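Undergrad: Starting off with a structure, shown below.
The values are calculated or read from the model by the stated rules, or taken from the named source; none is laboratory data. Only a predicted model underlies this, so the values are computations on that prediction, with no experimental measurement involved. Reconstructed Cβ throughout: ideal geometry from the backbone, glycine too, with neighbour counts over all protein chains shown. Areas reflect the complete protein model, heavy atoms only, side chains present, ligands, DNA and RNA absent. Shrake-Rupley method; radii C 1.70, N 1.55, O 1.52, S 1.80 Å.
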Amino acid sequence: MKGMVIGMENQDRFLGLLREMVEIAHAQQDRLTKEEIRKYLDGQELTEKNMQAVYHYLGENRIVVEGYDFVPEPATRAAGHMDKKEKMAAGRETRREANMRLYHQEVERLSGDLGKEEAMLLSFLKGDFSLKNVIIEKYLHKVVEFAQRYKKRNVPLDEVIAEGNLGVMAAMQIIMENHEEYILPGGGVDIAKFFGTLEMETIHAMECYIDGMTDSKDWENTMLAKTNLLHEAVKYMTEEMGRMPTLEELSEYTKISGREIKEISGLSKEVKKIY
C-alpha cells in the first residue's frame, strides 16, 4: 500500500484489518472518522505518514474519511479518453499491478529451495523456533505459485496471496505445536509431511477466502435484485392504488417477507417510507 512499510510478519494481519475496516465503513454509509480508524488500528505502531496512507487506501475504496481530502492519483494510460470513474479505476489497477510487481521482486529475493534445507528444518523441528520467519520467507514463492491457480476466479490475486500467507503462518503454528511428529524415526525430517501441512493450510486459507468472496458477491447481487424489485413495486403500486402500499401489501405483491424487506440493506427512500 502506498506509503506503508510494514514487517513481513505483521503485513497480513494489517491488510486483514484494513479489509475489515472497509466492510465496517460500508455498513456506516461509507464514512469513517479519524478517531474510529485509530481505535480500530489500536496496537499497530503507525506514524502520521502511515495514517495518511491508510486514509488514502480507504479513499481508493470509496470510503470518506472525515477531515481528509482524498485525491486520486492520475491514471497513466489513455487518460484523455476516460471519464472520472474510469480514471480512478485505471489508477487503482496500475497501482495494484505495481505493488504486485514489487512484491514478486521481494519474494524472489527471499525465496529458496526448502527441500535442500533439511539441516535448517531439522533444527527448527528440534526447537529452534527462531527459524520460523526464515522458513516462511523462503516458502512465499510457493504461495504465489498456488495463487496463480485461481486467476480465473475473478478475485484480486494480491488478496488471495495475502490469505495464503496467513495460511502459511497457521501451518507453521501447527508444525511448532506438533514438531516431534515431523521427525522420522531415523532422525531425519519427514519432508512429505512438513510440506504437506504447509500446502494444505495455504490452499485451505485461499479457498476459504475465495468462497467467502463468492458468497458475498452472490448475496450482494441478490440484495440488489430484491432492492430493485421493491423499488419498482412501490412505484407501480403507488400509481395503481393512488397511494403508497402498506408493508403487508408490498410483501404480498413481491413475495418477499415483511421482515426481509426491513432487513434488506440499501433500500431506496421510496421503499423506506412504508414502515
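Undergrad: Just give me the residues in the stretch 244-275 being loosely packed, with under 13 Cβ neighbours inside 10 Å, over 29 Å from ALA25 (Cβ atoms) and modelled with pLDDT under 80, in sequence order.
TA: Matches in the stretch 244-275: LYS255 only.
Undergrad: Can you pull out the residues in the stretch 143-165 that are open to solvent by 60 Å² or more (accessible area, probe 1.4 Å) and in contact (Cβ under 8 Å) with a residue 12 or more places away in the chain?
TA: ARG153 - this is the single residue of the stretch 143-165 that is open to solvent by 60 Å² or more (accessible area, probe 1.4 Å) and in contact (Cβ under 8 Å) with a residue 12 or more places away in the chain.
Undergrad: Before we move on, is MET51 crowded, with 16+ Cβ neighbours inside 10 Å, farther than 27 Å from ALA205 by Cα and at pLDDT below 70?
TA: No.
Undergrad: Please list, ordered by residue number, the helices (runs of 4 or more DSSP H) wholly in the stretch 76-160 having 1 or more residues that are at pLDDT 85 or above and under 28 Å from the mean Cα position of the chain (by Cα).
TA: The helices (runs of 4 or more DSSP H) meeting that bar are 132-147.
Undergrad: Six or more apart or on different chains, Cβ atoms under 6 Å: show the pairs whose first residue is in the stretch 208-237 and at pLDDT 70 or above and whose second is among the basic types (Lys, Arg) and assigned to a helix (DSSP H, G or I).
TA: ILE210/ARG153
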